[in-house]
1. Where does the charge balance sit around R73 when Lys and Arg score +1, Asp and Glu -1, over other residues with C-beta under 14 Å from its C-beta?
2. Multiply the residue gap between S36 and S22 by 0.36 nm, knock off their C-alpha separation, and tell me the result in nm, one decimal place.
3. L62 versus L92, label points 7 Å from Cα toward the beta carbon: distance in nm?
4. For E11 and H51, what is the calculated FRET efficiency with R₀ set at 35 Å and r taken between the beta-carbons, to the nearest 0.05?
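Each value in this text was obtained by applying a stated rule to the coordinates, not by laboratory testing. These figures come from a predicted structure and were not determined experimentally. Reconstructed Cβ throughout: ideal geometry from the backbone, glycine too, with neighbour counts over all protein chains shown.
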Amino acid sequence: MARILAVDPGEKRLGIAISDPSGMIATPLAILEHKSRLIDAAVIASLAEEHQAVKIIVGHALGDENQPTPQSRRAERLAQAIQRQTSVTVELWDESGSTQAARQAHILMGASRRKRLQRGHGHLDDLAATYILQTYLDSQAR
């Protein structure tokens, strides 16, 4: 297997995570400030190439009963923009609960409230991307 890159798309920031070469473990890679869909897509495609990723996972949260939301539509448009800039496969993956899971993981890791607030001013985007990627990797391992 090879590396997989994951994106947690937000309105202000995008969290990026990468898998290890075996495709078993996800780790945080970066937090990007949102510029524009085309610029974000180009940066993500470049990161995928730089890290020799064979797939890019874009998190999208569906609403109740798996209905599209404004955020999921935005994620779909980002995924399409990324796909136009790379030959790497781009796939949408349900990210429901990723930010809450990242926050909980940060607490379980023993980070004090002060440390959690200092860490990128409380931004958990890269940890949310890591959660998204890890759930994807775990589903593939089954």
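1. On the way: positive: R37, R74, R77; negative: E11, E76, E95.
Taking every other residue near R73 into account, the sum is 0.
2. Working: separation 14, 0.36 × 14 = 5.04 nm, distance 3.23 nm.
Going from the current span to full extension adds 1.8 nm.
3. Label-label distance for L62 and L92, simple model: 0.9 nm.
4. On the way: r = 25 Å, r/R0 = 0.72.
After rounding to 0.05, the efficiency reads 0.90.
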